[in-house]
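Single-structure report; data block below.
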Amino acid sequence: MHLVEVGGERILLDCGLSRADPGQARARRTVFPFPPASIDAVVLSHAHVDHCGKLPYLVEQGFTGPIYCTPPTLELIAVMLSDSARIQEEEGHVQSLIGGAEAFPRSTLTARQNVQHTLQQCLPVEYGQTVAISPAVDLTLFDAGHILGSAMVRLRLAAYPREVTLTFTGDLGRRGLPYLRNAAAIPPADLLLCESTYGGRLHQAVERMEETFIQVVERSLDEGGTILVPAFSLGRTQLVVHYLQEWMLSGRMPLVPIFVDSPLAADIAEVYDRYPAHFAPSKHWDASSANHPRPVVEYVRSRSQSDHLLDRTDPCIIVASGGMCDGGRIIKHLRRHVDDPRASLVLVSYQAPGTLGRQFLEQRPTVRFHGRTWNKWIHVVELNGFSGHADHNDFLAYLKPLAGSTGKVRLVHGELTAAEHLAGSLRDLGFSDVAIPGREESETIP
């Protein structure tokens, strides 16, 4: 989250929940470095929890102002925050039974009520629409191409002695990954806050991912194994499913059943279906053509339906919740297939150190989860090209046109090494003032 102060107004850019370890995340949920009631408005870039997850706590502690976001983001945060609240309430109920009424704060036990209050304060803003959110601040949102509804934020600030501008990229999408529409041009500004998640790194080309996945599917058909794809429910799941369908429609990938085992992903898919204009045209499928139906994707909601997948003996692809294999429905499928040499595990997300997914990538014969050690006989494949984030070359292409028209550049939302790689390249492009701010560090413009 970033706090903008101008003309007595306080505007918050994003209000994300830390993805630290569970204990640390709980401790941070209700703590803010400012009084929540002092915030006049929030501008939300997109619906991932690390950008919106703390909004209900901001509202619960006294924030009563508007929350500006795109219409798709409003629908998606309704799904994401409600799911997060359900989990928090379940955790809170268990902890209150174990540790008594003081084990969890009361707000945790009434999280869904806080979500409803949050949604009532949201105001949708279309891309390109300029809105006066205060006497001193005009807001315009631009397509960021990251997930459905994701936005770059431009603020025009009526500051003394002259008007100044601030651009916040949110999370930028990839170039050359035809799914969502391409990101808009980044607006030049006196201060640019730019994400740096994949600074110094490059993604696999789509053609290379297709080749690898085709080999996995052909192996599955030959040997009779199941293909497991752990994926985060918002963004990654939709991208994976889209490309599996495209590759099957092209005729290069054999047709196999696709199951998405995630109630949350099923809800998100319904939101995505309501915004067809936000997507790039399919290369191989025309919605008006009955001769080329899309390969069927079955969304699995109930636990009983999910359990039935464990008994399937014919080859299929199961995209299941739990991108790093540390939770979600992917766990039950790993228990079933981890020691089956016919099965394949396709990892399409970054696997953080200490996660079960990282164990699968390590060169050792066993993995440990659910209190026991398992033989790792499943075939493990890593594909890093499904990211919805810009990589290093994408950043340079997006930012190069701004080298002569943008003042300060501050790199956020990235590990230090990634941000340093990107900072060096931006200086080489001619940006004279590039830095990586620390936590709660302030910048003054102009």
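The values are calculated or read from the model by the stated rules, or taken from the named source; none is laboratory data. In this text the structure is predicted, and so the values were computed from the model without any measurement. Counting neighbours? That spans all protein chains shown, and the Cβs are built from the backbone with ideal geometry, glycine included. These accessible areas exclude ligands, DNA and RNA; they are computed on the full protein's heavy atoms, side chains included. Shrake-Rupley method; radii C 1.70, N 1.55, O 1.52, S 1.80 Å.
Annotations for the structure displayed:
- Within segment 120-203, strands (runs of 3 or more DSSP E) holding 1 or more residues that are among the aliphatic types (A, V, I, L, M), touching a helix residue (DSSP H, G or I) at 6+ places or on another chain (Cβ under 9 Å) and at pLDDT 95 or above: 122-124, 151-157, 191-195
- Tally of residues being open to solvent by 10 Å² or more (accessible area, probe 1.4 Å) and either over 18 Å from the mean Cα position of the chain (by Cα) or in contact (Cβ under 8 Å) with a residue 40 or more places away in the chain (or both) across segment 40-50: 2
- Only one of VAL381, VAL412 that is surrounded by fewer than 20 Cβ atoms within 10 Å (Cβ to Cβ), within 18 Å of ARG208 (Cα to Cα) and of a type in the set (Val, Ile, Thr): VAL381
- Screening GLY404 on (1) within 27 Å of the chain's Cα centre (by Cα); (2) exposed (fewer than 12 other Cβ atoms within 10 Å of the Cβ) shows it passes everything except condition (1).
- Meets criteria (open to solvent by less than 10 Å² (accessible area, probe 1.4 Å), assigned to a helix (DSSP H, G or I) and at pLDDT 95 or above) for ALA419: yes
- Applying the set (1) in contact (Cβ under 8 Å) with a residue 24 or more places away in the chain; (2) open to solvent by 30 Å² or more (accessible area, probe 1.4 Å) to ARG427 leaves exactly one unmet item: (1).
- When residues of segment 292-316 are limited to those that are touching a Phe, Trp or Tyr at 6+ places or on another chain (Cβ under 8 Å) and β-branched (Val, Ile, Thr), the one surrounded by the fewest Cβ atoms within 10 Å (Cβ to Cβ): VAL297
- Only one entry in GLU207, GLU163, GLU211 is open to solvent by 60 Å² or more (accessible area, probe 1.4 Å) and within 21 Å of CYS316 (Cα to Cα), namely GLU211.
- Count of residues meeting criterion [open to solvent by 10 Å² or more (accessible area, probe 1.4 Å), of a type in the set (A, V, I, L, M, F, W, C) and touching a Cys at 6+ places or on another chain (Cβ under 9 Å)] in segment 217-259: 2
- Residue match in segment 365-377 (condition: within 21 Å of THR197 (Cβ to Cβ) and open to solvent by 70 Å² or more (accessible area, probe 1.4 Å)): no
- Identification of helices (runs of 4 or more DSSP H) wholly contained in segment 241-355 with 2 or more residues that are under 21 Å from LYS376 (Cβ atoms) and within 24 Å of the chain's Cα centre (by Cα) yields 330-337.
- GLY327 falls short on exactly one of the conditions (1) touching a residue at least 12 places away in the same chain (Cβ under 8 Å); (2) out of contact with any helix residue (DSSP H, G or I) (no Cβ under 8 Å at 6 or more places or on another chain); (3) farther than 20 Å from TYR243 by Cα, and that condition is (1).
- Answer residue from segment 384-409, given it is without any contact (Cβ under 8 Å) to a residue 40 or more places away in the chain and assigned to a helix (DSSP H, G or I) and is farthest from GLU210 (Cα to Cα) among those: LYS400
- Counting the residues of segment 56-81 that are buried (at least 24 other Cβ atoms within 10 Å of the Cβ) and more than 29 Å from SER262 (Cα to Cα) gives 1.
- Looking at PRO254, PRO188, PRO276, just one residue is out of contact with any strand residue (DSSP E or B) (no Cβ under 8 Å at 6 or more places or on another chain), over 24 Å from LEU361 (Cα atoms) and either of a type in the set (Lys, Arg) or touching a residue at least 24 places away in the same chain (Cβ under 8 Å) (or both), and that residue is PRO254.
- Selection of segment 154-191 for residues being touching a Ser or Thr at 6+ places or on another chain (Cβ under 6 Å) and of a type outside the set (D, E, K, R) yields GLY170, PRO187, PRO188, ALA189.
Let's see how each residue does on (1) open to solvent by less than 40 Å² (accessible area, probe 1.4 Å); (2) over 24 Å from GLY385 (Cβ atoms):
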residue: ALA144; (1), (2): yes, no
residue: ARG156; (1), (2): no, yes
residue: ALA159; (1), (2): yes, yes
residue: THR169; (1), (2): yes, no
residue: LEU180; (1), (2): yes, no
residue: ALA184; (1), (2): yes, no
residue: PRO187; (1), (2): yes, yes
residue: LEU202; (1), (2): no, no
